[in-house]
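The values are calculated or read from the model by the stated rules, or taken from the named source; none is laboratory data. Not measured: the values here are computed from a predicted model. Positions of Cβ are backbone-derived with ideal geometry, glycine not excepted, and every protein chain shown enters the neighbour counts. Areas reflect the complete protein model, heavy atoms only, side chains present, ligands, DNA and RNA absent. Shrake-Rupley method; radii C 1.70, N 1.55, O 1.52, S 1.80 Å.
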Amino acid sequence: MIVIRLLKFFVLCIPFYFTFTGTTYASKDSKEFEKSLSEIGYTSVHQALQDSNKHFNHTISLPIQLPPVPFTHNYGRFNNLEGNINDGFEAEYFNKALSENHYAIRVRPVENKIKFKKGNIDQTFKLNDGNTAIYSSKASGVVNLLIFEKGVWQYMLSVDKRISNKVTSEILVEIANSIK
């Protein structure tokens, strides 16, 4: 149990630490950028995860692995909208200098899962835990998605289509399998 907590700490906190101690935050533009994200509810991934776990009274586990592209920023948000159907957790990873380096994790309760039309599904994969994941490059015009369920959660991993040669469906499956 302690090992899992330590892994979560390193996965969630270390990238956040390096992001905020780097030189990219010295400019006025970066401060305005951070302020705009804060105004729409983004906080640290760690804080958003804590808020989500408390709201749902159930732990959300995040992937240990990230896509193999550089990110300069990561933020999280807990969405607590009217009713429960759209409540969920999200984490965004992006590169301020390379807009195509954008990756997101969205997690919501299975009971409120988003369903996908068969015509939008490119491939299905069997995850290490036996669950099925669907991959779609058709459901959205700008991102590719990997959607799967683990326990009481539906996960949606998305990556900008412009980096689909670097972050393939197989890499997204590896990321999904890194959730413990």
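Here are some residues: 106, 77. Which one is outside any helix (DSSP H, G or I), touching a helix residue (DSSP H, G or I) at 6+ places or on another chain (Cβ under 7 Å) and surrounded by 14 or more Cβ atoms within 10 Å (Cβ to Cβ)? Show your work before the answer.
Working: 106 fails: touching a helix residue (DSSP H, G or I) at 6+ places or on another chain (Cβ under 7 Å).
None of the others qualify; the one that does is 77.
Tell me which residues, restricted to the range 32-66, are hydrophobic (A, V, I, L, M, F, W, C), more than 21 Å from residue 112 (Cα to Cα) and within 18 Å of the chain's Cα centre (by Cα).
So the first thing to find is which residues in the range 32-66 are hydrophobic (A, V, I, L, M, F, W, C), and the list is 33, 37, 40, 45, 48-49, 56, 60, 62, 64, 66.
If we keep only those that are more than 21 Å from residue 112 (Cα to Cα) too, we end up with 33, 37, 40, 45, 64, 66.
Within the range 32-66, 37, 40, 45, 64, 66 meet the criteria.
For residue 124, the conditions (1) modelled with pLDDT of 95 or more; (2) loosely packed, with under 13 Cβ neighbours inside 10 Å; (3) in a loop (DSSP other than H, G, I, E, B) all hold with the exception of (3). With respect to residue 54, determine if the residue is open to solvent by 70 Å² or more (accessible area, probe 1.4 Å) and either in a loop (DSSP other than H, G, I, E, B) or of a type in the set (Phe, Trp, Tyr) (or both). Taking the combined requirement at face value, the residue does not satisfy it.
To keep it simple, each residue is scored yes or no on (1) of a type outside the set (Phe, Trp, Tyr); (2) more than 18 Å from residue 147 (Cβ to Cβ).
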| position | (1), (2) |
| --- | --- |
| 63 | yes, no |
| 69 | yes, yes |
| 75 | no, yes |
| 78 | no, yes |
| 84 | yes, yes |
| 91 | yes, no |
| 96 | yes, yes |
| 104 | yes, no |
| 107 | yes, no |
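If you go through the range 142-180 and keep only what is of a type in the set (Gly, Ala, Ser), within 17 Å of residue 106 (Cβ to Cβ) and assigned to a loop (DSSP other than H, G, I, E, B), you end up with 151, 178. Of all the listed residues (96, 117), the sole one being over 19 Å from residue 34 (Cβ atoms) and basic (Lys, Arg) is 117. Applying the criterion of being within 15 Å of residue 158 (Cα to Cα) and of a type in the set (Gly, Ala, Ser) to the residues of the range 89-103, the residue that is most open to solvent (accessible area, probe 1.4 Å) is 99.
Condition check for residue 158 on (1) open to solvent by less than 30 Å² (accessible area, probe 1.4 Å); (2) more than 12 Å from residue 102 (Cα to Cα): one failure, at (2).
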